[in-house]
Amino acid sequence: MSTESKTFSFIGEVVESAVIKAPISFVWHFIKLQEFDKFWSAISKAEHVKGTSDETDIVRWTFKDGDVVELKQDEHSSLEHFITFSVINAEPKLTYSSVVNTIRLWAVTSGEFAGTTFVRWSTKFSSDADLGVIEDAKYKRQDALKDLSKAAEKLAKERK
């Protein structure tokens, strides 16, 4: 009897960050995998596919360009304001073995940026991801953070 285990070494990482001119509660409102289509203009549909337990959720994102990814929520903390998720399936197939994303939020509580939110989105790719994949991810994260900023700032203005 043979058991196969996979171990991935992560080598490529993209880190993008932004300061969003809205309180953390308005930004955090959007940081649920099934809610990304509410802010990220590249996604046409985000839907909950299944949950294998109370702690595991699978969400499918359909992008406007036709690509589809299924994501597994690995961690989610409303206390620490972060979510970690990985791609478990993609059409077309990924050209690399794995990718893990973490989005973390911090409330800015003092100084000239008090009342805003600092957001950091890090993406770690398996060592077989090429430079093109990593560069593409960088620009997609930048666009997503711009979209998140617009959505959160709009929500904050509506609720004032």
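Please work out if Leu148 is at pLDDT below 95, of a type outside the set (D, E, K, R), surrounded by 16 or more Cβ atoms within 10 Å (Cβ to Cβ) and not in a strand (DSSP E or B).
For Leu148, the condition - at pLDDT below 95, of a type outside the set (D, E, K, R), surrounded by 16 or more Cβ atoms within 10 Å (Cβ to Cβ) and not in a strand (DSSP E or B) - is not met.
Based on this model, can you work out whether Glu47 counts as farther than 30 Å from Ser127 by Cβ and surrounded by fewer than 16 Cβ atoms within 10 Å (Cβ to Cβ)?
So Glu47 passes the test.
Scan the stretch 63-92 for residues that are part of a loop (DSSP other than H, G, I, E, B) and over 19 Å from Lys124 (Cβ atoms) and jot them down.
Within the stretch 63-92, Lys64, Asp65, Gly66, Asp67, Ser78, Leu79, His81, Pro92 meet the criteria.
All but one of (1) closer than 20 Å to Ile20 by Cα; (2) assigned to a strand (DSSP E or B) hold for Thr109; state the number of the condition that does not hold.
Failed condition: (2).
Which of the following residues is in contact (Cβ under 8 Å) with a residue 24 or more places away in the chain, closer than 19 Å to Leu148 by Cα and of a type outside the set (D, E, K, R): Thr62, Thr117, Thr95?
Every option except Thr117 fails the conditions.
Can we say Phe118 is in a strand (DSSP E or B) and more than 15 Å from Phe36 (Cα to Cα)?
For Phe118, the condition - in a strand (DSSP E or B) and more than 15 Å from Phe36 (Cα to Cα) - is met.
Could you tell me whether the stretch 109-127 includes any residue that is touching a Pro at 6+ places or on another chain (Cβ under 7 Å) and either modelled with pLDDT of 95 or more or among the charged types (D, E, K, R) (or both)?
Yes, the stretch 109-127 contains at least one residue that is touching a Pro at 6+ places or on another chain (Cβ under 7 Å) and either modelled with pLDDT of 95 or more or among the charged types (D, E, K, R) (or both).
I'd like the full set of residues that are of a type outside the set (Asp, Glu) and farther than 20 Å from Ile134 by Cβ, limited to the stretch 66-87.
Gly66, Val68, Lys72, Gln73, His76, Ser77, Ser78, Leu79, His81, Phe82, Ile83
The values are calculated or read from the model by the stated rules, or taken from the named source; none is laboratory data. Everything numeric in this text was worked out from a predicted model, so none of it was measured. Using ideal geometry, Cβ is built from the backbone for each residue, glycine included, and neighbour counts are taken over all protein chains shown.
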